[in-house]
Amino acid sequence: MRPIISIERLGKAYLIGREVDRHRTFRDALAELVKAPVRRWRERIAPTHATEDAFWALRDVSFEVGRGEVIGLIGRNGAGKSTLLKLLSRITEPTEGRAVLRGRVASLLEVGTGFHPELTGRENIYLNGSILGMSRGEIRRKFDQIVAFSEIEQFLDTPVKRYSSGMYVRLAFAVAAHLEPEILIVDEVLAVGDAQFQKRCLGKMKEVAAGEGRTVLFVSHNMQAVSTLTQRSLLLKKGRIAAAGPTADVISTYLQEGGSTPDMVYCAAASPNAPKITRVELRTSEPNNVQLNGKPMQAIIEVSTPVPIDTARVSFHACNAMGDPVIHFWAHDPEFPMCREAGTYRLVCAIPSLRLYMGHYTLRVHFKEFAGGREFDMVEGVCPFEVVMYGRDREGGWFRGTCVYLEDGAWEVAKVG
Amino acid sequence: MFSTVTRPAPAPAAHDPAGETVIQPSRGWIGVNWGELLRGRELLYFLIWRDIKVRYKQAILGAAWVVLQPLFNMVLFTLVFGRVANFSERLGPQYRDAYALFVFAAMLPWQLFSTALNSGGQSLVAQQNLLTKIYFPRLYVPASVVGGALLDLAISLVFVIFLMAWYHVPPSPWIVLLPLLLALTLACSLGAAFLFSALTITYRDWRFLIPFIGQVWMYASFVAFPPSIVGPKWRIVLALNPMYGIVTAWRKLILGGAPDAITGWDPLFLVTSIAITAVLLLLGLFYFRRSERRFADIA
């Protein structure tokens, strides 16, 4: 059987420097009109000239997808994931190469594309469904299912501009979830909505892929979602395919590549006038600040002081995506000497087994004087890290927002009646 | 569109048999994919419906603005050009008092064209978020604006019938040809909407130029005053404006018995108008199709 998607050497270049493809003004175009023949003539003589200022967002990408396969696409920001999806969705045109899609395609690069704030929920279901490629009859048939999935029955005739963002997203995803294409292209849309709804979306996606034999191309930064949904993945790096194969392998390649990026380590210069936090760093179980649940983690904090401090106290919180502190660690001078004379001190906090549940977290660090209650320095939103459940299996999978913390527990079962 | 050469193109809407979509770079001029436009027509209806629904939300007078806007223009033009400049004298004793109808008959096609030029011209820029997030035939964006304006025209037409009864002006027997004239007006408006929307999204200068062009074009189409105020030497210039021929033809049909000196009617103008409309529509379509593949990148 022929693959449902065949991609051969697909590439997309954006011209930078000359900026021909950015907001052109008429004057530029007139100037271009004069210059173009000269340039074309030059290019004919020296062909390299043309590609000098081209930025290849995607290049030489070839792969095939079989019918019913669910493929994950992972990579850092700017690796070309979105460009690839845009090419396959026919939103923009490739510069070179060729892709053949053998089936009805629906793409979902954003939830609620075409939603109009002034229109009611009911009206937007029809509008959005139509934009996504459903016929009126199809929308009418699925209308009740869509409404039930979105849980907004009572607000159906309210303009969506009065919706909370959660309701808006639920309605938008509900429409999209009822598309019936043969090929579904999805970008990071699961990153929205509350935890419970995300879980239902993931469930729906799984159902779509497995039950109905649909081909899905799925982009996400959420390794957990990728590993739950897909068997095979592609890793994009600088516009090229860096790895392809079973999802587990590709994810570990992705996690291992590259060193820590600057913003994963907080650094500040010591001050001659005031005590400061000079460095905050995490040693996670995986590279790039990715931490496996249940594995050890270390936090390294450096503070400097130009004067002795009597009762110094250094503490930090791990905060969830909402900025709420979920765990707290502290070091207090009476327990061990620190900052009793001027200088720089390094504190290492070793956490034997990090039990935080999967999700994205950042650190908030305080440097205080316990006696006077004075705060010398505070940094927050630093050392972003992700806790993953990857490699830790359980039947039914893991879903975002189930809890914030996983504790060990021993179960005993006895028949008592 | 995007150079995807599509063999049975999978339209974004409708249950077409699973076709094969080939995505590859395109070169040069691209034809119009009529099959795809036809299959996706439901989306066009939805876009028109959305524009109409949204336009008068939170306006107390709501859809009444459809009539009120041209009505205000009519009153203004009748006062300024009919009374103050005294052009109503040029309509002769029989039509002198019906200056308002004389203006409104021309407002019918002009409103459609003006909306196509202004809102249609801005339409792609206004719909950037759609262009960069989903694929559908891009021609629908300006076309839906013109479609919405067509409804306004229908409502205004009812108002014109009322005015005709008020002034006791019977229509010309040729009024049966109105659908053909309407088709010509529509073609001219679509041509302008396609051309100027594609120009505006590529060169944002047109956002500032178009309102000015619209003003000049309105005067050059003699919407507010009789063509007899300029001498016959301008005939050649007027013939180049497709809207001039269209406006005179509308007046000819609505102001039934009025002499050609008043309506400005001359078959020559209609013939040149048809020819230039054809050129405008083709140019608009092909320029649009040619630049379409860049829309998502420059939006």
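Bear in mind that the values in this text are calculations on the coordinates, not laboratory data. Please read all numbers here as calculations on a predicted model, not as lab measurements. We place every Cβ from the backbone using ideal geometry, glycine too, and count neighbours over all the protein chains shown.
Before moving on, here are some points about what is shown:
- Inter-label distance for A:R346 and A:A269, nm, one decimal - labels placed 7 Å from Cα along Cα-to-Cβ: 2.2
- Selected from A:R346, A:R394, A:R98 as most flexible by GNM, with chain A as the system and alpha-carbon contacts under 10 Å: A:R394
- Phi to ³J(HN,Hα) by Karplus 6.51 cos²θ - 1.76 cosθ + 1.60 over the stretch A:158-168, Hz, x for Gly, Pro: 9, x, 5, 5, 8, 6, 6, 5, x, 5, 4
- Residues in the stretch B:184-193 carry Karplus couplings, in order, of 5, 4, 5, 4, 5, 5, 4, x, 5, 5 Hz; the curve used is 6.51 cos²θ - 1.76 cosθ + 1.60 with θ = phi - 60°, and Gly or Pro positions show x.
- Highest-fluctuation residue, A:L363, A:L234, A:L347 considered, GNM on chain A with Cα pairs under 10 Å: A:L347
- Estimated FRET transfer efficiency (A:D144, B:Y167; beta-carbon r; R0 56 Å; 0.05): 0.55
- Residues within the reach of a label modelled at B:L157 (point 7 angstrom out along Cα to beta-carbon, backbone nitrogen below 16 Å), restricted to the stretch B:253-269, are B:253-255.
- With a 10 Å cut-off around each Cβ of B:37-48, the average count of Cβ atoms from other chains is 3.
- Amide hydrogen proximity for A:R59: with H placed 1.01 Å from N in the peptide plane, the residues at 5 or more positions away or on another chain lying under 5 Å are A:K12, A:R240.
- Take each residue of peptide B:200-212, count the partner chain Cβ atoms within 10 Å of its Cβ, and average: the result is 2.
- FRET efficiency, 1/(1 + (r/R0)^6) with R0 25 Å, evaluated for A:K206 and A:E151 via beta carbons: 0.80
- Rg ratio (alpha-carbon, reference 2.2 N^0.38 Å) - the protein assembly as shown: 1.23
- Using a simple spin-label model with pseudo-atoms 7 Å out from Cα toward Cβ, A:D324 and B:A183 lie 6.6 nm apart.
- Global geometry of chain A, whether rounded, prolate or oblate, following the gyration tensor of its Cα atoms and the 1.5 cut on a/c: oblate
- Distant-in-sequence amide contacts of A:F370, defined by a placed amide H-H separation under 5 Å and a gap of 5 or more residues or a different chain, comprise A:T311, A:A312, A:R313.
- Pairs exceeding a 27 Å alpha-carbon distance, out of A:K81/A:K295; A:K142/B:K53; A:K86/A:K206; A:K86/A:K204; A:K161/A:K206: A:K81/A:K295; A:K161/A:K206.
- Placing unit charges on the Cβ atoms of the charged side chains and taking the dipole of the protein assembly as shown about its Cα centre, the candidate lying farthest along the positive direction among A:A57, A:L156, A:S227 is A:A57.
- At q = 0.08, 0.16 Å⁻¹, base-10 log of I(q)/I(0) for chain B (Debye sum, equal scatterers on each alpha carbon): -0.39, -1.27
- Cut-off under 5 Å, modelled amide H: who pairs with B:E20 long-range: B:R7
- A:E180 paired with B:V32, simple spin-label distance in nm, labels 7 Å along Cα-to-beta-carbon: 3.3
- Within chain A, the longest run free of exposed loop sites, counting GluC sites (Glu not before Pro) that sit outside DSSP helix and strand states (H, G, I, E, B) and have at most 11 other Cβ atoms within 10 Å, spans A:53-211.
- Size of electric dipole in the stretch B:44-298: Cβ of Lys, Arg +1 and of Asp, Glu -1, about Cα centre, debye, nearest 20: 560
- Neighbouring Cβ atoms from other chains, within 10 Å of the Cβ of residues in A:8-14, number 1 on average.
- For the stretch B:126-133, 3J(HN,Hα) per residue [Karplus equation, 6.51 cos²θ - 1.76 cosθ + 1.60, θ = phi - 60°, Hz, x = Gly/Pro]: 5, 9, 3, 4, 6, 4, 8, 10
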